[in-house]
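*Asks:* Structure provided below as structure tokens; questions to follow.
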Amino acid sequence: MKVATYNVNGINGRLDVLLRWLKTDKPDIVCLQELKAADDRFPKKEIERAGYGAIWHGQKSWNGVAILAREREPLRTRKGLPGDPDGTGSRYIEAAIDGLLIGCLYLPNGNPAPGPKFEAKLKWFRRLNAYAADLLDLDIPVVLAGDFNVMPIDLDVYKPERWHDDALFRPEVRKAYANLIAQGWTDAIRHLHPQERIYTFWKYWRNSFERDAGLRIDHVLLSPMVAPWLRKASVCLTPRGWEHTSDHAPVMIELELPERSPSAS
């Protein structure tokens, strides 16, 4: 099973890019971020024609998350994190698909830091960590995927010395991510590529993508039950080179799910 996360940076403006990638790589489950579209502007018909069922949590002009499932319908289990102050953030959605619980998230950027936006980011991260711990207590197969807006270690950023004061790289944010991993989650990319410099985001200017001057801020985390099923984890670089594309590239993992017994079907 192929599970992917992709910050599309505007689903309607870059719908042709998304559909082209879906047709090319055929992921089974996709977590999308930064839809930048209200609920009634989500391109449901186009996504369905591409062979995917979908659930989404939109917001006009900002944020927005969605989960797609190939040739099946995701069963929504949650919209928003417990303790979120209101329902307008559109940063978390969750679904049950083929025995997996999939959480799709878009963590706040937090800049400028320090400041109110940075404090809001840390509060959101604390709510995520608390809920992630609750998910682990359920002892079920869970995948948390999305744009975390954090580079966990120096290896995850081009020229880290330039980012020390940025909200994506400040010690408080990296510690929050480390605390999340310490609960028992497996960072799929870093687990299979412990020493490799891998990026998922490149700014649009100064030929950042061509120079590979990027950041790794899109992550796929696996619960202890899922981690042994991991076979591959990579960044789909080709779509980042297409015209009018997102500044992110999709991250995709491949899982070898155990066969279900006849009594479980």
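What follows is calculated from the coordinates using simple rules that are stated; it is not laboratory data. Keep in mind it's a predicted model, so treat the numbers as computed, not measured. Note that we place each Cβ from the backbone using ideal geometry, even for glycine, and neighbour counts take in every protein chain shown.
*Asks:* Go through Lys23/Lys44; Lys2/Lys175; Lys117/Lys159 and tell me which ones have a Cα-Cα distance over 19 Å in this structure.
*Replies:* Lys2/Lys175; Lys117/Lys159
*Asks:* Can you put Cys104, Cys31, Cys236 in order of Cβ neighbours within 10 angstrom, beginning with the fewest?
*Replies:* Cys236, Cys104, Cys31
*Asks:* Please list, ordered by chain and number, the residues whose modelled amide H lies under 5 Å from the amide H of Val220; skip anything fewer than 5 residues away on the same chain.
*Replies:* Ala188, Ile189
*Asks:* Given R₀ = 25 Å, FRET efficiency for Arg76-Leu19 by Cβ-Cβ distance, to 0.05?
*Replies:* Result of the calculation: an efficiency of 0.65.
*Asks:* At a 4.7 angstrom Cβ threshold, list every cysteine in the chain that has nobody to pair with, or say none.
*Replies:* Cysteines lacking a close Cβ partner in the chain: Cys236.
*Asks:* Give, in nm to one decimal, the length gained when the segment between Glu119 and Ala182 is fully stretched (0.36 nm per residue of separation minus the Cα-Cα distance).
*Replies:* Taking 0.36 nm per residue and subtracting the Cα distance, the gain is 20.5 nm.
*Asks:* Residues in the stretch 197-231 near a label at Asp137, defined as backbone nitrogen under 18 Å from the 7 Å Cα→Cβ point?
*Replies:* Residues 223-225 fall inside that zone.
*Asks:* How compact is the stretch 1-82 by the rule of thumb for globular proteins, expressed as Cα Rg over 2.2 N^0.38 Å?
*Replies:* 1.00
*Asks:* Next question. Among residues other than Asp247 whose Cβ falls under 12 Å from its Cβ, what is the net charge (Lys/Arg +1, Asp/Glu -1)?
*Replies:* Computed value for this residue: 0.
*Asks:* Further question: Quick one: putting +1 on the C-beta of Lys and Arg, -1 on the C-beta of Asp and Glu, what dipole do you get for the stretch 2-264 around its Cα centre, in Debye to the nearest 20?
*Replies:* 460
*Asks:* Okay, moving on. Sort 7-17, 162-172 by packing, meaning the average of other beta carbons within 10 Å per residue, with the highest value first.
*Replies:* Put in order of decreasing packing, that is 7-17, 162-172.
*Asks:* Shifting gears a bit: Roughly how compact is the stretch 2-264, stated as its Cα Rg over 2.2 N^0.38 Å to two decimals?
*Replies:* The reported ratio for this selection is 0.94.
*Asks:* Another question about this same structure. Can you run phi through the Karplus equation (6.51, -1.76, 1.60; θ = phi - 60°) for the stretch 65-70 and list ³J(HN,Hα) in whole Hz, with x for Gly and Pro?
*Replies:* 9, 8, 10, 10, 9, 6
*Asks:* Next question, about the same structure. Set the Förster radius R0 to 25 Å, insert the Cβ-Cβ distance between Glu243 and Arg49 as r into 1/(1 + (r/R0)^6), and round the FRET efficiency to 0.05.
*Replies:* 0.70
*Asks:* From the convex hull of the Cα coordinates of the stretch 127-239, what is the mean projected area in square nanometres?
*Replies:* 7.6
*Asks:* Please list, in order, the residues from the stretch 29-73 whose amide nitrogen is less than 15 Å from a point placed 7 Å along the Cα→Cβ vector of Ala96.
*Replies:* Inside the label zone: 73.
*Asks:* Next up: Rounded to the nearest 500, what is the 222 nm mean residue ellipticity of the chain from helices alone, with -39500 (n - 2.57) per DSSP H run of 4+ residues and division by all residues?
*Replies:* Helix-only estimate at 222 nm: -6500 deg cm²/dmol.
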